[in-house]
Amino acid sequence: MPGLGRFLSRDKILLMKIKHSRQQGVTYTPLLIAIISFVIVVGAGFLVYSNLAAKKPGNGYSPQPTRIQSNAGASSYAILKPADVPPKIGECSQTLSYASNGDPSPISCANGDLNILDWQAVAALEPTVMKLGYSATQAQIQHAICVDGNVADADSSAAISAPIETNAYEIASLYYGWKFNINPSALLLSGC
C-alpha cells in the first residue's frame, strides 16, 4: 500500500495547491480591482487636466478672441482703468505679442473689438492720452501725447517711447471713438 499513500499524498498536495491559489486569488482580487480603479481614475483625470491645460494661453494654444461683456452703467462693457467711462466698442481678450521695443499687439481682435490685454499692458505705463474721455479735442490729445513723451511733464517716471505712445493713442481712439488723424510718432519727433 505504499503506492496508495503516495497517491493520497499527491492528492493532498494538489488540494493544498488549489486551496492556496484560491486564497491568493481572493487576496489579489481586491488589489486587482483597486489597481484597475486607480488607473481609470488617474487616466480620466489626466485627460481632463491635459484638455484644460492645452487651452491655456502660453501652452501652444492660440485662443480665439474671447468677447467680454459686463453691466457697467448704460454700456454693456467694462470700464478699463485709467478710463472712467466704458468703451464705445466691444471688448475682447486675445493673447499679446511684443515687438523688440516693448510695444504690445494686437490692439484689436479680428472682429474689430478692443483687446483688453493690450489696453491693460499700455495702461500700466500711465499714458495721459488714455485718460481723456469721449469728448477730448484734437488739441487736448496732441498735448497729452507731448506730455507722455516728455519725462519732465509725464505722470510716470519715464517718458513713453513713440511706438508705445502710438499704440496708446490708437487704442484710446478705439476705446473713446475718436476720429482724429494724429500721428504721435511725428508729433513727438517734431519736439511737440
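Give me a count of the residues in the range 72-127 that are β-branched (Val, Ile, Thr) and outside any loop (DSSP other than H, G, I, E, B).
As a first pass, look at the range 72-127 and keep what is β-branched (Val, Ile, Thr): 79, 85, 89, 95, 107, 116, 122.
Subset that is outside any loop (DSSP other than H, G, I, E, B): 116, 122.
Qualifying residue count for the region: 2.
Okay, residues lined up against (1) in contact (Cβ under 8 Å) with a residue 40 or more places away in the chain; (2) surrounded by fewer than 14 Cβ atoms within 10 Å (Cβ to Cβ):
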| site | (1), (2) |
| --- | --- |
| Ser76 | no, yes |
| Val85 | yes, no |
| Glu91 | no, no |
| Ser97 | no, yes |
| Ser100 | no, yes |
| Ile116 | yes, no |
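What number of residues within the range 129-150 satisfy the criterion of being among the charged types (D, E, K, R) and buried (at least 20 other Cβ atoms within 10 Å of the Cβ)?
Narrowing the range 129-150 to residues among the charged types (D, E, K, R): 131, 148.
Okay, now just the ones that are also buried (at least 20 other Cβ atoms within 10 Å of the Cβ), so 148.
Number of matching residues: 1.
Mind checking which residues of the range 102-112 are under 14 Å from Ser173 (Cβ atoms) and in contact (Cβ under 8 Å) with a residue 40 or more places away in the chain?
Restricting attention to the range 102-112, the residues satisfying the condition of being under 14 Å from Ser173 (Cβ atoms) are 107-108, 112.
Across the range 102-112, the qualifying residues are Ile107, Ser108.
Can you tell me which residue among Glu165, Glu126 is of a type in the set (D, E, K, R) and buried (at least 19 other Cβ atoms within 10 Å of the Cβ)? Walk me through how you get there before you give the answer.
Working: Glu126 fails: buried (at least 19 other Cβ atoms within 10 Å of the Cβ).
On inspection, the qualifying residue turns out to be Glu165.
Only one of Ile160, Ile182, Ile171 is surrounded by 13 or more Cβ atoms within 10 Å (Cβ to Cβ), among the hydrophobic types (A, V, I, L, M, F, W, C) and part of a helix (DSSP H, G or I). Can you tell me which? Before the answer, list the steps.
Numbers: Ile160 fails: part of a helix (DSSP H, G or I); Ile182 fails: part of a helix (DSSP H, G or I).
Of Ile160, Ile182, Ile171, the one residue that is surrounded by 13 or more Cβ atoms within 10 Å (Cβ to Cβ), among the hydrophobic types (A, V, I, L, M, F, W, C) and part of a helix (DSSP H, G or I) is Ile171.
Could you tell me which of the residues Ala139, Ala144, Ala124 is within 18 Å of Ala83 (Cβ to Cβ), in the same structural domain as Val85 (by TED's automatic domain parsing) and free of Cβ contacts under 8 Å to residues at least 12 places away in the same chain? I'd like the intermediate steps shown before the answer.
On the way: Ala139 fails: within 18 Å of Ala83 (Cβ to Cβ); Ala144 fails: free of Cβ contacts under 8 Å to residues at least 12 places away in the same chain.
None of the others qualify; the one that does is Ala124.
The values are calculated or read from the model by the stated rules, or taken from the named source; none is laboratory data. Keep in mind that what you see is a predicted model, and the values were worked out from it rather than measured. Please note: Cβ atoms are built from the backbone with ideal geometry, for glycine as well, and neighbour counts cover all protein chains shown.
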